[in-house]
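This report refers to the structure that appears directly beneath it.
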Amino acid sequence: MDERPLSPHVTVYKWAYTMTLSILHRVSGMALFLALIALIFWLVAAAAGPEAYARAMRVLASWPVRCLVVVAILALWYHFCNGLRHLAWDMGWGFERAQARRSAVIVVVATLLASAVCVYALVRAGAGTA
């Protein structure tokens, strides 16, 4: 029986920041999918009437869900910023090591700044209704 060559495994490679960003891009996509389910839950509750909406809002206003909203905001901004990075790569830009590292830092910083602005705006809006 001939032994077929195996594909390189993760343990063969030295871990690089690009691997982390690639995995985070996939994880952020899954987080956005889960956030979409929560959005649909909210919309269905709103369409079902005031009682259903009030029950849904009690759940959605809880601290664990609020923390998940922050995670969803981070996921949204990361997926967006890293998606722009991938579009640049699709056009052939940014493949050099220094450019790739710079764009990685830009993605992370832009994600954190945009997320902080959104979370701040949500907190400010929530404080006005309390």
Checklist entry - What single numbered condition from (1) closer than 29 Å to Ala16 by Cα; (2) assigned to a helix (DSSP H, G or I); (3) open to solvent by 70 Å² or more (accessible area, probe 1.4 Å) fails to hold for Arg124? => result (1)
Checklist entry - Any idea which of Ala75, Ala61, Ala54, Ala48 is out of contact with any Gly (no Cβ under 7 Å at 6 or more places or on another chain) and surrounded by 13 or more Cβ atoms within 10 Å (Cβ to Cβ)? => result Ala75
Checklist entry - Given (1) modelled with pLDDT of 95 or more; (2) of a type outside the set (D, E, K, R); (3) over 24 Å from Leu122 (Cα atoms), where does Thr11 come up short, assuming only one miss? => result (1)
Checklist entry - In the stretch 59-79, is there at least one residue being polar (S, T, N, Q) and farther than 28 Å from Ala16 by Cβ? => result yes
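For the stretch 1-113, list the helices (runs of 4 or more DSSP H) that sit wholly inside it and hold at least 1 residues that are touching a residue at least 40 places away in the same chain (Cβ under 8 Å); which are they?
Working: elements: 17-48, 50-60, 63-90.
Hits in the stretch 1-113: 17-48, 63-90.
The values are calculated or read from the model by the stated rules, or taken from the named source; none is laboratory data. On a predicted model such as this, the values are computed, not experimentally measured, just so you know. Cβ sites come from the backbone with ideal geometry, for glycine too, and all protein chains shown count toward neighbours. For accessibility, only protein heavy atoms count, side chains too; no ligands or nucleic acids. Shrake-Rupley method; radii C 1.70, N 1.55, O 1.52, S 1.80 Å.
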